Amino acid sequence: MRLVVLGYGFLGRLLVKVIGRYSREELLLAGVASSRGYVYKERGIGPDELTESLVRHPEFREGPPIEMLEKARADMAVILTPTNISTGEPGLTYIRAALSSGMDVVTADKGPLVVAFRELVSRAESEGLYMCYEATVGGGIPIFSLAKQYFRRDRILAVRGILNGTTNYVLSRMHFEGLPLDLALVEAQRLGIAERDPRLDLEGVDTACKIVILANALMGLDKRLTDVEINGITRISSEAMMAAKEMGMTIKLIGRIENGSLTVAPRLVRLNHPLCVHGTLNAIQFRSSLLGELTLIGEGAGSSTVASLVSDIDWILERRGVSKGNLRGGQPL
Amino acid sequence: MTLGLTDRPGSLLAALESIAVNGGNIISIVHSRDRITGGYVPVSISVEFPSSENVEGARRGIEERGIPVLSMESLERRIETMLIIGYLQVEELNRVFRNRGEVISLTVGGGSRSPYMRIVFSAGVEERPRLLTDLSTLASERGCLLVPEEN
């Protein structure tokens, strides 16, 4: 299959390295685009051709990524654009264009799914195309892959979890070190865990976006961000955290889908509770009619997210009869 | 629960074992020897169990030992903790708790800069959702944030 990648940030660069380990018969990287321009080669881009900077490639062309997408002869598009939860752009336009051109889509961008989940899924289905989005929620935790197989005949009744690594890191530092929120946040920013503008994380909006995707994808609902009751962690003081700690508890930001209602709010969690994970870890718990409760724990961001992208790509390769999804070589990331 | 024990040594012990392995904490045992019926002595036992699953486990264990459970009544109450970020008037809190739950302890801290209230309370399983909804509404009306316990 021929593949194009839109987005050449941290995830894009990591993914391109991993793609180099597939055989060219399985997966050929035809093009990579960043916000400034793109490299497109009809015969494929070699595994070591791209450096950290796309611009330095001799065949780099300035121009909008959509230009590459429209002219590319490709079977699959991986969309790794920065998230915009209000408009879904630019990812939304790229996904629409990819589907219109007959490409299967893999994306890590939450924005388009929060804004237009039903539209995109229907469009893909009506065209006989696949759209996979494992990387949008829980980083490397296999949520949708698990659901596709394991919960196929089961009914998910409720979902809850810690789905934002930044807030979990900040709350963990407040719990273990007694730090006030602002100092824990500065530390998280210094370590590259928190963004320079952390409002979407701290105010619970990022978790709310993930809850919307989970509700729509796993429970067949048609929810939007405005349907979520959101309370972030900005009002949690170190004194309140200590009051929780004295009772053998801590405070965590929990996203929840239950009885059709979606909420994000800080909650008291006992230290032996299955959802009580610390640092940048995420935890998600499903309650289903056949299985009962199942909890998954893993890194919610960073390099582990590439595992989700690779899993989606392999799933599509398998469905298209291209391969059984085995990597050649097997070099660890 | 009221059990029908035969008037033989060791039959009470067998019942108590089932209660103990299910985490039961015995509050009282009352023998009613004056009410022997069909060869059974009715024995009423009040027990606290950690969960309703434990109650059922104990009942199964007792019956498997050949002891009939003549009647059983359970009053499910949970003890849990919540934080309120901000400060509510105690009278307002009492009004919401009235007939729905009982405040076991109330701690106020954080000073005027970041006040919080920590409430340990008990509530019946049926009353709890309404209690939390009303507390959340009150907190929101007063510019406070309710942080309940995750079960």
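The values are calculated or read from the model by the stated rules, or taken from the named source; none is laboratory data. All figures in this text were calculated on a predicted structure; none of them were measured in a lab. Cβ sites come from the backbone with ideal geometry, for glycine too, and all protein chains shown count toward neighbours.
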> Where in the stretch A:180-219 are the helices (runs of 4 or more DSSP H), entirely inside, with at least 2 residues that are under 19 Å from the mean Cα position of the chain (by Cα)?
Replying inline: A:199-202, A:205-219
> What number goes with the only condition from (1) within 14 Å of chain B (Cβ to nearest Cβ); (2) within 28 Å of residue A:287 (Cβ to Cβ) that residue A:240 does not pass?
Replying inline: (2)
> Would you say residue B:67 is away from chain A (no Cβ under 14 Å), among the β-branched types (Val, Ile, Thr) and assigned to a helix (DSSP H, G or I)?
Replying inline: no
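Which of the following residues is at pLDDT below 95 and not hydroxyl-bearing (Ser, Thr, Tyr): A:255, A:260, A:232? Steps first, please.
Working: A:255 fails: at pLDDT below 95; A:232 fails: at pLDDT below 95.
After applying the criteria, what remains is A:260.
Within the group A:207, A:167, which residue is among the hydroxyl-bearing types (Ser, Thr, Tyr), within 19 Å of residue A:298 (Cβ to Cβ), in contact with a Gly (Cβ under 6 Å, 6 or more places away or on another chain) and buried (at least 24 other Cβ atoms within 10 Å of the Cβ)?
Going through A:207, A:167 in turn, the sole match is A:207.
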> Before we move on, is residue A:275 buried (at least 17 other Cβ atoms within 10 Å of the Cβ) and modelled with pLDDT of 95 or more?
Replying inline: yes
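In the stretch B:1-60, which residues are of a type in the set (A, V, I, L, M) and either closer than 13 Å to residue B:72 by Cα or touching a Cys at 6+ places or on another chain (Cβ under 7 Å) (or both)? I'd like the intermediate steps shown before the answer.
Here is the first cut: in the stretch B:1-60, the ones of a type in the set (A, V, I, L, M) are B:1, B:3, B:5, B:12-16, B:19-21, B:26-27, B:29-30, B:36, B:41, B:43, B:45, B:47, B:55, B:58.
Residues satisfying the conditions are B:1, B:3, B:43, B:45, B:47, B:55, B:58.
Here is a yes/no grid of residues against (1) more than 23 Å from residue A:241 (Cα to Cα); (2) modelled with pLDDT under 90; (3) facing another protein chain (nearest Cβ under 10 Å); (4) part of a strand (DSSP E or B):
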residue	(1), (2), (3), (4)
B:87	no, no, no, no
B:92	yes, no, no, no
B:96	yes, no, no, no
B:99	yes, yes, no, no
B:103	no, no, no, yes
B:111	no, no, yes, no
B:117	no, no, yes, yes
B:120	no, no, yes, yes
B:132	no, no, no, no
> Counting only residues that are in contact with a strand residue (DSSP E or B) (Cβ under 6 Å, 6 or more places away or on another chain) and assigned to a helix (DSSP H, G or I), which one in the stretch A:243-269 is farthest from the other protein chains (Cβ to nearest Cβ)?
Replying inline: A:244
>> For the stretch B:2-56, which positions are surrounded by 12 or more Cβ atoms within 10 Å (Cβ to Cβ), in a loop (DSSP other than H, G, I, E, B) and not aromatic (Phe, Trp, Tyr)?
In response: B:22, B:23, B:24, B:32, B:36, B:51
> When the stretch A:288-304 is examined, which residues are found to be within 14 Å of another protein chain (Cβ to nearest Cβ) and at pLDDT 95 or above?
Replying inline: A:295
>> Condition (residue is out of contact with any strand residue (DSSP E or B) (no Cβ under 8 Å at 6 or more places or on another chain), within 19 Å of residue A:309 (Cβ to Cβ) and assigned to a loop (DSSP other than H, G, I, E, B)) applied to the stretch A:1-19: is it met by at least one residue?
In response: yes
> Can you name the residue in the stretch B:134-151 that is among the charged types (D, E, K, R) and either assigned to a helix (DSSP H, G or I) or away from chain A (no Cβ under 12 Å) (or both) and is also surrounded by the fewest Cβ atoms within 10 Å (Cβ to Cβ) among such residues?
Replying inline: B:141
> Which residues, taken from the stretch A:7-29, are under 15 Å from the mean Cα position of the chain (by Cα) and closer than 15 Å to residue A:76 by Cβ?
Replying inline: A:7, A:12, A:15
>> For the stretch A:86-137, which positions are hydroxyl-bearing (Ser, Thr, Tyr) and either part of a helix (DSSP H, G or I) or surrounded by fewer than 17 Cβ atoms within 10 Å (Cβ to Cβ) (or both)?
In response: A:86, A:87, A:93, A:94, A:100, A:122, A:126, A:136
